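The next block holds one structure in the form of structure tokens; read it before the comments.
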Amino acid sequence: MLPQLNAMSWFELPTRRQKIAIVFGLDLLFLSLAFWGALWVRFESAHYFYDVPTWVTFVSVIVTTLAGFWYFGLYRAVLRYINEKNLQAILFSFAIATLLMIVASFYLQAVIPRTAPFIYLAFGVIFCGGTRFAIRFMFVWLENATKQNVIIFGAGDSGRQLLQAIGQGDDFQAVAFIDDKEELRNSLIHGLTVYQPKQLPMLIRRFHATKVLLAIPNAGTKRRAEVLTALADLNTEVLTVPRLNDLVTGDAKVDQIKEVDVEDLLGRESVTPNAHLMESSIRNKTVLVSGAGGSIGSELCRQILQFRPARLLLVERSEVALYQIERELKEMREALALNIDLVPLMISVQHLPRLSAMMDASNVDTVYHAAAYKHVPLVEQNVVEGVCNNVFGSYNIAQAAIKAKVKTFVLVSTDKAVRPTNVMGATKRLAELVMQSLAEQQSGTTISMVRFGNVLGSSGSVIPLFKDQIRKGEALTITHPDIIRYFMTIPEAAQLVIQAGSMANGGEVFVLDMGEPVKIAELAKRMVHLSGLEVRDDENPDGDIELQYTGLRPGEKLYEELLVGDDERPTDHPRILTANESFMPWNELMALFDELNDACEAMDKDAVIALLKQAPLAYCQEQVKPQLKAVS
């Protein structure tokens, strides 16, 4: 059985030499038709066909034209990629041949009218050039038949570069530009019309566009959020080019199209970190990060490495996590050509003697304590281990730091510590009380706490879960339709932790400005819409993705808060507030520790929870709706 061939594969059958021979033969035929056709147009008879000087002129003109084609590389050009330069080569070859035709016909006394050379030029360009461009357009048409129609949002430099980039690819075909600049309305850029944003729904229907490519890398975060909010209502997949910073630094290129970052949806403007605050506790110092393999801990390590500590100690109990972060930091160190000593330490913060020995031997200057069990449902099921790690572990590493005369100690805390409704939040609040008491008891080590909400992309975060569920076509699982959360990016959170620690005098609770709280259900809907899908519900039973409400998990809150009281004060940084909150006297704290320790050693979960409820943590398993107030 013979294989089925489409038009594209037929043109790809001959070898390169065979193709050149075919094109050469066609050119010879077209040039002959052009020459004799020019004479026929003028004479409307064939008597010139028997004139010998005319034949000599014919041969010389044809050879000259073909030689020009060969010299200017026309037979090396691939027909599907023929362009304006090839057209220039055709015109120049015909110009030379036309001039020769005029001179030869004059000296040879050939039967050639004066206007015939110019008719030959016109016919030749139409036959030879027109055929080539017709073949090219046929290839383009065949290729575009399999491409997805896309609309480029942004007709600036990035949009034009993106158009050229995707034009060379096999996936997309741009059909229109969208831009809100009035001066660009209805203008043509590389053959595409620029439309206003309000015309986008009409264009999607008209061109059957499957995607919108966002090409506004230099737009502010709020502007991007506004655009994405509007695009989310169209149920069309939205992809974006990298941000301006990545383009400028060379970390990305315009044609590296990717999914929309969730932080763009939140519209949170980033603040450039204060270099002095970033480096004051880091540069040329020995810095220790506990929980170095976790989401926040690993980002702290990345940020710290850029400000050139003398030594960076990576404390992590997970072998896999420690291996991964050490390997990444080594690659980063080599790329930045830094001479920094990286020390991976497989230590649990629950092991006080090991912590003390390590800190004494290493002369640590700064500690960022990020090691904690933070997954609410897991800690709810593992109460004793949660207390041992989050409370006693925090106490141990702080005690070791004080004994080793560490200058700065920063506890990474969470908004779940405020009026906690779960064991995890209660343990983090108790860890804060421990730090406040230790700060009061001594002055050699400056101890502070930094409290913030959810970070995008952290382990257990809802955003990666939603992305995975959308990719698989599964229902998005949301605990409650009214649940809200604060969000910030991991790099911003790490930078603010470092800067807050540099401003500490001892005992402060620093609160990071998390912006406005986000309703998780609304965020999920936008993610579905920007993936080009529709939410399936009672109003739209034929939709693609269902929102499935599973109910609040044990200890989970509908609303998160950042402050225990209202006594917040601004700092030198616009995104960092500080608050002096009440704490337990040292003797009461030690008495509670003794009872907690006995309960943990007895593995008495109920006794542990009872002690947490008795402590001044405001721990209540039944949630009371607070007065929502975004920190600003």
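Computed from the coordinates by the stated procedures, all read-outs in this text should not be read as laboratory data. This is a predicted model, so every value here is computed, not measured. Virtual Cβ from ideal backbone geometry, glycine too; neighbours counted across all protein chains shown.
Would you mind telling me the antiparallel percentage of the DSSP bridges in region 142-207, rounded to 5? The antiparallel proportion sits near 20 percent.
Listed by number, the DSSP H helices of the chain that run 30 Å or longer by alpha-carbon position along their axis and have mean Kyte hydropathy of at least -0.5 are 16-43, 84-107. Fewest neighbouring Cβ atoms within 10 Å first, the residues Asp261, Asp594, Asp27 line up as Asp594, Asp261, Asp27.
Shape class for region 148-260: rounded, because the ratio a/c of the largest to smallest gyration tensor axis (alpha-carbon atoms, square roots of eigenvalues) is under 1.5. Taking the helices alone, the chain has a mean residue ellipticity at 222 nm of -14500 deg cm²/dmol, built from -39,500 (n - 2.57) per DSSP H run of at least 4 residues and averaged over all its residues. Rounded, prolate or oblate for region 97-162? Axes are the square roots of the Cα gyration tensor eigenvalues, ordered a ≥ b ≥ c, and the cut-off for rounded is a/c under 1.5. Cα axes put region 97-162 in the prolate bin.
Greater than 22 Å separation of Cα atoms is the criterion. Which listed pairs, Lys258/Lys557; Lys330/Lys416; Lys330/Lys374; Lys198/Lys258; Lys416/Lys519, meet it?
Beyond 22 Å between Cα atoms: Lys258/Lys557; Lys330/Lys416; Lys330/Lys374; Lys198/Lys258.
Could you state the number of Å between the C-alpha centres of region 564-620 and region 386-445? About 9 Å separates the Cα centre of region 386-445 from the one of region 564-620.
Cβ crowding within 10 Å, taken as a proxy for footprinting-reagent exposure, orders Leu28, Leu108 from fewest neighbours to most as Leu28, Leu108. The order of the peptides 428-437, 84-93, 115-124 by mean Cβ neighbours within 10 Å, most packed first, is 428-437, 115-124, 84-93. Go through Thr286, Leu313, Ala110 and say which Cα lies farthest out towards the positive end of the charge dipole of the chain; charges sit on Cβ, +1 for Lys and Arg, -1 for Asp and Glu. So the residue furthest toward the plus end is Ala110. Dipole orientation for the chain: of the candidates Met527, Ala426, Pro481, Met527 has the Cα lying most toward the positive pole (charges on Cβ; Lys, Arg +1; Asp, Glu -1). Sort region 257-387 into rounded, prolate or oblate with this rule: let a ≥ b ≥ c be the square roots of the eigenvalues of the Cα gyration tensor; rounded if a/c is under 1.5, and if a/c is not under 1.5, prolate when a/b is larger than b/c, oblate otherwise. Because a/c hits 1.5 or more and a/b fails to exceed b/c, region 257-387 counts as oblate.
Peptide packing: for 596-602, 32-38, the average count of neighbouring Cβ atoms within 10 Å per residue gives the ranking 32-38, 596-602, highest mean first.
Each Lys and Arg adds +1 at its Cβ and each Asp and Glu adds -1 at its Cβ; summed about the Cα centre, region 521-604 shows a dipole of about 400 debye.
Looking at the chain alone, DSSP beta bridges between its own residues are antiparallel in about 20 percent of cases. The peptide list 289-302, 493-506, put in order of mean Cβ contacts within 10 Å with the highest first, becomes 289-302, 493-506.
Got a sec? How would Lys211, Lys403 order by Cβ neighbour count within 10 Å, fewest to most?
Ordered by Cβ neighbours within 10 Å, fewest first: Lys403, Lys211.
Simple point charges give the picture: +1 on the Cβ of Lys and Arg, -1 on the Cβ of Asp and Glu, and for the chain a dipole about the Cα centre of about 2540 debye. Straight-line reach from Lys403: taking Cα to Cα under 23 Å and skipping same-chain neighbours fewer than 8 places apart, the lysines in range are Lys285, Lys428. Of the residues Leu322, Gly156, Phe24, the one whose Cα sits farthest towards the positive end of the charge dipole of the chain is Phe24 (charges of +1 on Lys and Arg Cβ, -1 on Asp and Glu Cβ, taken about the Cα centre).
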